[in-house]
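The values are calculated or read from the model by the stated rules, or taken from the named source; none is laboratory data. None of the values given here were measured: they were computed from a predicted structure. Neighbour counts run over all protein chains shown; Cβ positions are idealised from the backbone, glycine included. We work out accessible area using only protein heavy atoms, side chains counted, and drop any ligands, DNA or RNA first. Shrake-Rupley method; radii C 1.70, N 1.55, O 1.52, S 1.80 Å.
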Amino acid sequence: MPERLYNGAVRLDAPCLAMVLVGKDREAAANRIREAHYTHSVPAGKSHYICFGDALVVWSIPANKNLAKFILGFPGNVWELSRLWAPDGHAPNLLTQAIGAAVRTIRKLERPDALVSYADPNAGHTGGVYRAASWIYHGRSEEVRAYCSIDGKTMARRAFHSGKQGMTKAQIEALGFTELRLPGKERFVRPLSRAAHKAMGAAR
C-alpha cells in the first residue's frame, strides 16, 4: 500500500522519492505550473501530478485519441508527459532524474504501453532531457497555433482552453491577441510494454 505523507501526498516508492500529489498539494502544484510554466496552463483531462524534489511532472491522457495507434500501430494505452517544470537554478540532472522517477510512478498507476512527450522549439527546447532519459525521437508534430498579446507575449492556444470552458478564436482575438502559426514540436516516445517495444523496433 502507498505510504501516506503530509497534506495528502502519496509516496509510491520510497527509494525513488516520487510523490503523487492530491488534494491541496495537487492544486498548489497546478497553480505553480499556471504561474511559472511557459504554457501558463494545465491539462484539462485526467492527470497525475508527480513531485520529485523541486521538480513537478504531470502525466495526462493525450488530447489526440488516435495518438496510440499513430505511434504504436495499435490502440494501446499511451500517457503523455504534458508538463515538466523545475525552478531556475535547480540541481544538475534534476529533470532527468524526475522523469525517471515519474516514469516508474506512472507505470504503477496506469500500466501504459508507452509514454509520449514533446519539446517545443518555439520555447527554445530541444528535447535534450528526453534524449538523456533514453526516450526515442519520433519526428515533429504538425504546426502549432498560438496567440501573441499586444505587448508581444506569446501564449499557447491551450492556455485559453484550460478548465471546463474554452474560448473561441473570436473571443481570444477580442482580447487583443493575434493568432500565430508556429513550427511543430519535437516528439519523443518511451515504449514500456513488450508490444510497444516490438512496434517501435519495427518502425525504426
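Note on the chain: GNM, Cα springs under 10 Å; of ASN64, ASN77, ASN31, the largest mean-square fluctuation is that of ASN64. Per residue, the chain reaches -8000 deg cm²/dmol at 222 nm when only DSSP H runs of four or more residues are counted, each adding -39500 (n - 2.57). Inter-label distance, ARG107 to LYS198: 1.9 nm, where each label sits 7 Å from its Cα along the C-beta direction. Using a ≥ b ≥ c from the Cα gyration tensor of region 90-134 (square roots of the eigenvalues), is it rounded, prolate or oblate, where a/c under 1.5 gives rounded and otherwise the larger of a/b and b/c decides, a/b for prolate? Verdict is oblate for region 90-134. Once a ≥ b ≥ c are taken as the square roots of the eigenvalues of the Cα gyration tensor of the chain, is the result rounded (a/c under 1.5), prolate (a/b larger than b/c) or oblate (a/b not larger than b/c)? The shape class here is oblate.
By how many nm would the segment from LYS24 to TYR137 grow when fully extended, if each residue of separation counts as 0.36 nm and the alpha-carbon distance is taken off? Show your work: numbers first, answer last.
On the way: separation 113, 0.36 × 113 = 40.68 nm, distance 3.56 nm.
Answer, rounded to one decimal: 37.1 nm.
Taking label points 7 Å from Cα along the Cα-to-Cβ direction, HIS90 and THR178 give a separation of 3.4 nm. Protein heavy-atom accessible surface, 1.4 Å probe, per residue over region 85-204: 58 Å².
Accessible surface comparison of ASP120, ASP54, probe 1.4 Å, protein chains only, largest first: the order is ASP54, ASP120. Applying 1/(1 + (r/R0)^6) with r as the Cβ-Cβ distance of PHE70 and ALA170 and R0 = 25 angstrom yields a FRET efficiency of 0.20.
Of the accessible area of the chain, computed with a 1.4 Å probe over protein heavy atoms only, carbon and sulfur atoms account for 51 percent. Qualifying trypsin sites (Lys or Arg not before Pro) in region 57-119, where qualification requires a DSSP coil assignment and no more than 12 other C-beta atoms within 10 Å, comprise LYS65.
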